[in-house]
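All remarks here apply to the structure that follows.
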Amino acid sequence: MDFEPNEEQRAIRLAVETLLTQHAGPARAIELERDGGYDHALAAALTEADFLGASLSQETGFLEAALVVEAVAKAGGVVSAAAETLVAPAVVGRSLDGPVAIGSLGEEVPIRFGGHAHTLLVDAGEEVQVVTVEPGWREPVRSNFMTPLGRIRVPEGAGDSLGDGSGATLRRWWRLAIALECLGALEGALDVTVEYVKRRRQFGRAIGSFQAIQHRLAQCAVQVEATRWLCYEAAADGAPEEASAIAAAYATDTAHHVFRETHQLTGAMGYTREHDLHVYSMRLEALRVELGGTAAHRRAITQSRWAS
């Protein structure tokens, strides 16, 4: 199967990247992080250009939506693009009022975009509950993960059930969304690190000219490229349970490796707020533990492949 983008997909990617150049980027993410903010201006621009509706259009579908999610993550966009353009259309069949957060029933842990969400998708096991979030239910939580977090306390009976079986559908698309957001952040982290090693000089040479550095970055690049094709295949096939779990497991495991390597190669500078790496690397840390993390994704692979 050929997953190279066709002419229309290349045009979509170029258009969304052009928009993101104007409205997003690490500097914008750092600015918003100071107050735990959500980028409503970027969300409005993506909505106006109909990028958040890519999966619902007759001309495009979930693979095109995946390209949008990847591009937004690579640009450091502080919006719930994955939930809005990928997960909600697949699970609910329509767009939801954003920002959209995703969480599990009974958990009081902070979730991404929970402090700003207008809609919450709740994984309640066999079913999904769709909750319209009232402002008083939200509690923003400060963090160092370069993405706004918050708790949502939902009163009993506040959600609308999507029926039995919807829970499994949510988890399939949620895993793919995690993998795609990891992919974009991995690309951003690797790009920032490559630029750094080209500039950083030691022993009279750029450290990127040393073969040992090149080998380590090459290994990261191979893992990122593998993540890309696992994500694209799962998106093109409608997020089958096994494929989406494999993509999430591989992406989050790669996130662990790339986090370690990029921070070692950038040294102490990579941990500072003056350097762009933390915009991506800290998001990778948040994505690595979502929906149970790598171990849970691997269990889902086993369950899909061998459960009776």
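Using Cα springs under 10 Å in a Gaussian network model of the chain, which residue among Pro155, Pro26, Pro89 shows the largest mean-square fluctuation?
Pro155
Just grab the label-to-label distance for Ser57 and Asp237, each label 7 Å out from Cα along the Cβ direction, in nm (one decimal).
The two pseudo-label positions are separated by 2.6 nm.
Tell me what the chain gives for mean residue ellipticity at 222 nm when only DSSP H runs of n ≥ 4 count, each as -39,500 (n - 2.57), the sum divided by the residue total, rounded to 500 deg cm²/dmol.
-18000 deg cm²/dmol
Can you give the Rg to Rh ratio of the range 167-306, both from alpha-carbon atoms, with Rh computed by the Kirkwood formula?
Rounded to two decimals, Rg/Rh equals 1.05.
Quote to one decimal, in nm, the extra length available between Glu4 and Arg260 on full extension: 0.36 nm per residue of separation minus the C-alpha distance between them.
Gain on stretching Glu4 to Arg260: 89.2 nm.
Please get the size of the charge dipole for the chain, origin at its Cα centre, with Cβ charges of +1 on Lys and Arg and -1 on Asp and Glu, quoted in debye to the nearest 20.
Charge dipole, the chain, about its Cα centre: 1440 debye, nearest 20.
Can you list the trypsin sites (Lys or Arg not before Pro) in the range 232-290 that are in a DSSP coil and have 12 or fewer other beta carbons within 10 angstrom?
Arg273
Note down the net charge around Thr302, summing +1 for each Lys or Arg and -1 for each Asp or Glu among other residues with Cβ under 12 Å from its Cβ.
+1
For the chain, modelled as a Gaussian network with Cα springs under 10 Å, which listed residue fluctuates most, His278, His256, His297?
With Cα springs under 10 Å in the chain, the top fluctuation among His278, His256, His297 is at His256.
At 7 Å along Cα-to-Cβ for each site, give me the label-to-label distance between Ala41 and Arg153 in nm.
The two pseudo-label positions are separated by 3.4 nm.
Toward the positive end of the charge dipole of the chain, about the Cα centre and with charges on Cβ (Lys, Arg +1; Asp, Glu -1), which of Val222, Leu52, Thr132 goes farthest?
Value: Val222.
Quick check on the chain: of the DSSP beta bridges with both residues there, what percent are antiparallel, nearest 5%?
Once the DSSP bridges in the chain are tallied, antiparallel ones form about 75 percent.
Less than 13 Å Cβ to Cβ from Ala206, Lys/Arg counted +1 and Asp/Glu -1: what total charge do the surrounding residues give?
+4
Show the residues, 5+ positions off or on another chain, whose built amide H is closer than 5 Å to the amide H of Val128.
Leu162, Gly163, Ser166, Gly167
Sorting Lys74, Lys198 on the 10 Å Cβ count, fewest up front, what's the list?
Listing Lys74, Lys198 from fewest to most nearby Cβ atoms yields Lys198, Lys74.
Of Glu107, Glu225, Glu242, which has the largest mean-square fluctuation in a 10 Å C-alpha GNM of the chain?
The residue with the greatest mean-square fluctuation here is Glu107.
Just in the range 204-308: which chymotrypsin sites (Phe, Trp or Tyr not before Pro) are loop by DSSP and have at most 15 other Cβ atoms within 10 Å?
Passing sites in the range 204-308 are Phe210.
Which residues' amide hydrogens lie under 5 Å from the amide hydrogen of Phe113, considering only partners 5 or more residues apart or on another chain, with H built in the peptide plane?
Leu149, Gly150
Any idea what the dipole of the range 215-308 comes to, in debye rounded to 20, about its Cα centre with Lys/Arg Cβ at +1 and Asp/Glu Cβ at -1?
That gives a dipole near 240 debye.
Where a number appears in this text, it was derived from the coordinates with a stated rule and is not lab data. Just so it is clear, the model here is predicted, and its values are computed rather than measured. Methodologically, a virtual Cβ is constructed for each residue, glycine included, from the backbone with ideal geometry; neighbour enumeration extends over all protein chains shown.
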